[in-house]
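**Q** One structure, as structure tokens, below. Some questions next.
The values are calculated or read from the model by the stated rules, or taken from the named source; none is laboratory data. These figures come from a predicted structure and were not determined experimentally. Reconstructed Cβ throughout: ideal geometry from the backbone, glycine too, with neighbour counts over all protein chains shown. For the accessible areas, the whole protein counts, side chains as well, though only heavy atoms, and no ligand, DNA or RNA atoms are used. Shrake-Rupley method; radii C 1.70, N 1.55, O 1.52, S 1.80 Å.
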Amino acid sequence: STNENLTVNFINRNGETLTATVKEGESLLEVVIRHNLNIDGFGACEGTLACSTCHLIFDQKHFDQLSPISDEEMDMLDLAFGLTDRSRLGCQVCMTKAIDGLTVRVPRDVADARGEVVGQQS
Ligand code: FES
């Protein structure tokens with residue numbers, strides 16, 4: 001089914017909350033692209049685990065419900081600016097009913113693995 005019956009809220013780099021409807025199984029990167037959400041520099045490698053610009057910070061409750069992290073995601077996440085113990089890469093996190101209605105924060109600054117700094121604000 002193509003029902004979009006789940007929701008996710010993104011707090012973008014400007015501190016604005018963006019709410020999107022989501023299908024079960026969709027990755028958080030796919031949600032940002034499909035809804036054309038205003039998040040500077042997000043998803044530079046298009047989900048190929050080559051950037052870390054899709055870094056998102058979760059609250060503990062929802063973080064605990066996410067699928068386990070792969071070694072590949074962990075390696076790339078290590079390169080993210082502002083890494084927290086509730087950080088994941090948005091291209092690797094898929095929506096499930098267990099995390100319906102969650103709020104994720106986009107860190108203010110990101111660096112992608114190619115050395116560019118994007119989204120930095122003065
Ligand atoms: Fe590049 Fe997720 S979009 S690692």
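**Q** Projected onto the charge dipole of the chain (+1 at Lys/Arg Cβ, -1 at Asp/Glu Cβ, origin at the Cα centre), which of Leu77, Leu89, Val106 gives the Cα projection farthest towards the positive end?
**A** Val106
**Q** Still on this structure, please answer the following. Calculated from DSSP H runs of 4 or more alone, at -39500 (n - 2.57) each and per residue, what is the 222 nm mean residue ellipticity of the chain, nearest 500?
**A** Calculated at 222 nm, the ellipticity per residue is -3500 deg cm²/dmol.
**Q** Next question, about the same structure. Roughly speaking, what is the stretch gain from Glu72 to Thr19, that is 0.36 nm per residue apart minus the C-alpha to C-alpha distance, in nm to one decimal?
**A** 16.2 nm
**Q** Still on this model: Please give the contour-minus-distance gain from Asp109 to Asn5: 0.36 nm per residue of separation, less the Cα-Cα distance, rounded to one decimal in nm.
**A** In short, 34.3 nm is gained.
**Q** Can you run phi through the Karplus equation (6.51, -1.76, 1.60; θ = phi - 60°) for segment 26-36 and list ³J(HN,Hα) in whole Hz, with x for Gly and Pro?
**A** Taking θ as phi minus 60°, the curve returns 6, 7, 5, 5, 4, 5, 4, 5, 5, 8, 6 Hz for segment 26-36.
**Q** Please give the residues of segment 2-27, grouped as numeric ranges, whose backbone N is less than 20 Å from a label point set 7 Å along the Cα-to-Cβ vector of Leu83.
**A** Counting backbone N atoms under 20 Å from the label point, the list is empty.
**Q** Hey, what do the phi angles of segment 64-75 turn into as Karplus ³J(HN,Hα) couplings, whole Hz, using 6.51/-1.76/1.60 and θ = phi - 60°, x for Gly and Pro?
**A** Computed from phi, the couplings for segment 64-75 are 5, 9, 7, 5, x, 7, 7, 4, 5, 5, 4, 4 Hz.
**Q** Let me ask something else about it. If I compute solvent accessible area with a 1.4 Å probe over the protein chains, what percent of it on segment 1-100 is carbon and sulfur?
**A** That fraction is 46 percent.
**Q** When a/c is below 1.5 the answer is rounded, else prolate if a/b is larger than b/c, else oblate, so apply that to the chain with a ≥ b ≥ c taken from the square roots of the Cα gyration tensor eigenvalues.
**A** prolate
**Q** If you add up the charges near Lys23, with Lys and Arg at +1 and Asp and Glu at -1, over every other residue whose beta carbon is less than 13 angstrom from its beta carbon, what do you get?
**A** Value of the local net charge: -3.
**Q** What shape does segment 1-56 take by its C-alpha gyration tensor, where a ≥ b ≥ c are the square roots of the eigenvalues and a/c under 1.5 counts as rounded, a/b above b/c as prolate, and the rest as oblate?
**A** oblate
**Q** Give me the accessible area per residue for the chain, probe 1.4 Å, as a whole number in Å².
**A** 52
**Q** Now, a different point. What are the GluC sites (Glu not before Pro) within segment 1-62 that DSSP puts in a loop, where the Cβ has at most 14 other Cβ atoms within 10 Å?
**A** Hits after loop and neighbour filter: Glu16, Glu24, Glu46.
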